[in-house]
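Student: Sharing a structure below in structure tokens format, with a few things to ask.
The values are calculated or read from the model by the stated rules, or taken from the named source; none is laboratory data. All of these numbers come straight from a predicted model, not from anything done at the bench. Here the Cβ is made from the backbone with ideal geometry for all residues, glycine too, and neighbour counts use every protein chain on show. For the accessible areas, the whole protein counts, side chains as well, though only heavy atoms, and no ligand, DNA or RNA atoms are used. Shrake-Rupley method; radii C 1.70, N 1.55, O 1.52, S 1.80 Å.
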Amino acid sequence: MSLNARLQASLDSRRKRNILRRLPEPTTVGPNSTGSDFYTNDYLSLASSKSYHERLLKKLQSSHAVAGSGGSRLLVNSTAHATLEARLATFFQAPAALLFNSGFDANVGFFACIPGEHDFVLYDEAIHASVYDGMRASRARDSLYSFKHNSVESLDRRLSDLMRSDPRILDGTCSVFIAVESLYSMDGDFAPLLDIVQLLETSLPHGNGHLIVDEAHATGIYGPEGRGLVAMLGLEKKVTTRLHTFGKALACTGAVLLTSPLIYSYLLNYARPLIYTTALNHACITAIDTSLDILTDGTATQLSTHLLNLFDTFLTKLAPFIKKLPPDVIHLPQNILVPSARASPIIPVMTSKARPLSAYLNERGFLTRPIVWPTVPKGADRVRICLHAGNTVEEIDSLVGALLAWAQTQMQPRARGLIADAKL
């Protein structure tokens, strides 16, 4: 089969199964948007913040370097890049900080080169695709084991099985890496970090258990000054490496790995996504520095407080009707509905008709996106609602009303009356 024929056949197969990915229609995000943003990762609404724009432009105007970076960090290590890394290490209370062009690059770089031939990697089954790509390129590629999402019991079983089969784990002569996300982007739930740390300390007393935490979706929202869930729980010294990204709540681009000086040096020598690419340009460095100002002066704390209050508002409005709806029409994951649930900017509205629901909401000015297989497992289609500091309580009220109105159109006439009198 020729190249073109093979590629076209693969795309045709996806089209027939209704899973062909396409770019959405171009939209304007921000003050001139045609609807309410419930789909971007701009959790603190900094991308549309006039105050942030003014502060960034002021810094750019006074900067000695704006365009370009000159090449790879190993070729040109600018003062701006080195100064930002030092500031990031201090801010996040980490021994060392290493910039990458994206969170994807950082995960691939770390997992492709740090785990060794005789090491093991245990990863949450919902871990990001970039971790998969890194692990599969590593020397530990034959020793990769998943555990059930957010299940410490499943992790414990996996670890116990490995310890029985390989005595090197018990005597500490090989390493076990645990890969999790503090806040999961598709499910809006949180890794049980405290329990995982306790398990590693109990099971691996030689200190050869290494927890790697991706904080991409928690950065700027949780913890003191937005330093993430690890900092919120006081686990900075218990986690081997943390990843923070700047392209979501902080409205920039790029990422940083917070780790030990030894791992920092090893990555400089072996992480191909870092070595063989042009570094972030100076405008990006200035933007990240401006976002850090937003974190340190308390502005982000005010924004995140409002953001997380919107989670409570959304649940308060929608939860009373969830039990009255057929699960295939709309339901919410149980972990979100429990009273002790931690507020999250990500709410998966589960439905077997994600595309029709998203289209219905978009037509009414609530900008959303359907998330379907293969991005999520089969049977777990959803409309992912992303809340933002720029959203209002009135927008949340109207969004919940639209969700219930669509649900009524999908139900049998007799069942519609169960939610017809919904008062928001």
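Student: Roughly what % of DSSP beta bridges within segment 67-297 run antiparallel, to the nearest 5?
Tutor: On the way: 10 of 27 bridges.
Taking every DSSP beta bridge with both residues in segment 67-297, the antiparallel ones total about 35 percent.
Student: Quick check: pseudo-label points 7 Å beyond the Cα along Cα→Cβ at T90 and S72, how many nm apart are they?
Tutor: 3.0 nm
Student: Using every Cα-Cα pair within segment 67-297, state what percent have a distance larger than 23 Å. Provide the component values of the computation, followed by the final result.
Tutor: Details: 11989 of 26565 pairs.
The proportion of pairs with Cα distances above 23 Å equals 45 percent.
Student: Report, to the nearest whole %, how much of the accessible area of segment 70-156 belongs to carbon and sulfur atoms, 1.4 Å probe, protein only.
Tutor: Details: 1830 of 3620 Å².
The computed percentage sits at 51.
Student: Let me ask you something else. If we restrict to alpha carbons, what Rg and Dmax does the chain come to, in Å?
Tutor: 22.7, 70
Student: Around D124, which amide H atoms from residues at least 5 apart in sequence, or from another chain, sit under 5 Å from its own amide H, with H modelled in the peptide plane?
Tutor: Result for D124 returns F147, A179.
Student: Here's a follow-up. At what distance in nm do the modelled label points of R272 and D166 sit from each other, each positioned 7 Å from its Cα along Cα→Cβ?
Tutor: 2.2 nm
Student: Considering only protein heavy atoms and a 1.4 Å probe, what is the carbon-and-sulfur percentage of the accessible area of segment 222-339?
Tutor: Values: 2730 of 4880 Å².
Here carbon and sulfur together make up 56 percent of the probe-accessible area.
Student: Hey, another quick one. Which one of P26, P377, P326 has the biggest mean-square fluctuation once the chain is modelled by GNM with Cα springs under 10 Å?
Tutor: Maximum among the listed residues: P26.
Student: Then there's this: Lysines near K58 by alpha-carbon distance under 17 Å, same-chain residues fewer than 8 away left out - which ones?
Tutor: Result set, ordered by chain and number: K50.
Student: Determine the distance separating the Cα centre of segment 72-105 from the Cα centre of segment 341-387; give it in Å without decimals.
Tutor: Spelled out, the Cα-based centre of one part sits 35 Å from the other.
Student: Next question. Please give me, ordered by residue number, the trypsin sites (Lys or Arg not before Pro) of segment 273-374 that lie in loop per DSSP and have at most 10 other Cβ atoms within 10 Å.
Tutor: Working: sites: K317, K323, K324, R342, K353, R364; in loops: K323, K324, R342, K353, R364.
Taking segment 273-374 and a limit of 10 other Cβ atoms within 10 Å, the loop trypsin sites (Lys or Arg not before Pro) found are K323.
Student: Then there is this: Exceeding 24 Å between C-alpha atoms, which entries from my cross-link table qualify? They are K148/K353; K16/K378; K148/K378; K248/K323; K248/K378; K148/K324.
Tutor: Working: K148/K353 26 Å; K16/K378 16 Å; K148/K378 16 Å; K248/K323 33 Å; K248/K378 27 Å; K148/K324 30 Å.
Beyond 24 Å between Cα atoms: K148/K353; K248/K323; K248/K378; K148/K324.
Student: Can you give the translational diffusion coefficient of segment 178-294 in µm²/s, computed by Stokes-Einstein from the Kirkwood radius over Cα pairs at 25 °C and 0.890 mPa s?
Tutor: Details: Rh = 15.4 Å.
Approximately 159 µm²/s, per Stokes-Einstein.
Student: Something else: For the chain, which longest stretch is free of loop sites, where a loop site is one of the GluC sites (Glu not before Pro) that DSSP puts outside H, G, I, E and B and that has at most 14 other Cβ atoms within 10 Å?
Tutor: On the way: sites that count: E117, E125.
Within the chain, the longest run free of exposed GluC sites (Glu not before Pro) spans 126-424.
Student: Whole number in Å², please: accessible area per residue of the chain, 1.4 Å probe, ligands, DNA and RNA not counted. Intermediate values should be presented prior to the final figure.
Tutor: Numbers: 19770 Å² over 424 residues.
Here the per-residue accessible area is 47 Å².
Student: Relative to the present Cα-Cα distance, how much length would full extension add between R364 and R15 at 0.36 nm per residue of separation?
Tutor: On the way: separation 349, 0.36 × 349 = 125.64 nm, distance 2.71 nm.
Fully extending the segment from R364 to R15 adds 122.9 nm.
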